Amino acid sequence: MPSTPPDTAQIVIVLSFIAGFMTFIEYYGEYPSIIEFRFAPPFNRIKFFSLALILITLSLILRGQNDATVWTILITHFAQGLGQAVDFPYSPVRLVVLMMPADADADLIEMVRMAAGVSYTVSLGMILVFLTLVRLLGWPARSGAFNVWINLPLFDPTGGGDVLHRLRRDAGLNVVLGSLLPFLIPAAMSAASSLVDPISIAHPQTLIWTMTAWAFLPASMLIRGIAMSRIADMIEDKRRRAYAADDLGGDILQRA
């Protein structure tokens, strides 16, 4: 962004190097720590590229307000059409637009509509791509055997209760929250407008990160719920086959 101070850019670069180094250590190490589904591609790759696409697109749109190029103009026109297409009654984008105060500048409202439309559309695309991988391509079985320990390091199979029940419970919680948060967050911000001034979103970096977090984090929870539900289905199928094999073995022994 043209308005980014040099100190801010340097801090972002340092934080990026730290995050990249931590990610490298996580994937290179033999023992997992916090990153989920690290050996079940392309779960994390889809999230990374979706997040990068949102940030880069919004940055180019806002950069084009002061330093217009052919690409920024094309992306801005596309974002305007996209924002108007998804800004229909009761949609999350409409709620974000209604979150703005009545006396907000028309250009700011249009910018919020574009940013919300791009962020929410890319997040929906991320969910659809992952659903396609799960339903049509058999994720994660196509990558080989799925190891719960290295792919779900924060999930303790011995924590009590049936693993299958706990996976389905966590999956349902993530799906519900991921589906409701895009609607609940604008409503909560509108209710707290007396404490938090929504017009502060006019700052380019605030707008970019707010719209990105509003759309991407619920979508991430949603695909995490889908993934855990898929793992629960795999465990249930494996149990069913094991029980069937035991019954078949018992019948053979009785006949012998």
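The values are calculated or read from the model by the stated rules, or taken from the named source; none is laboratory data. For clarity, every value in this text was computed on a predicted model and none was experimentally measured. Virtual Cβ from ideal backbone geometry, glycine too; neighbours counted across all protein chains shown. Surface accessibility is based on the protein's heavy atoms, side chains included, excluding ligands, DNA and RNA. Shrake-Rupley method; radii C 1.70, N 1.55, O 1.52, S 1.80 Å.
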Single match in Leu53, Leu62 (criterion: under 30 Å from Gly144 (Cβ atoms) and among the aliphatic types (A, V, I, L, M)): Leu53
Scope region 37-51; condition among the small types (Gly, Ala, Ser) and modelled with pLDDT of 95 or more; matching residues: Ser50
Candidate set: region 187-246, residues that are assigned to a loop (DSSP other than H, G, I, E, B) and open to solvent by 50 Å² or more (accessible area, probe 1.4 Å); chosen: the one modelled with the highest pLDDT: His203
Positions within region 101-122 being surrounded by 17 or more Cβ atoms within 10 Å (Cβ to Cβ) and either touching a Gly at 6+ places or on another chain (Cβ under 6 Å) or without any contact (Cβ under 8 Å) to a residue 60 or more places away in the chain (or both), in sequence order: Arg113, Met114, Gly117, Thr121
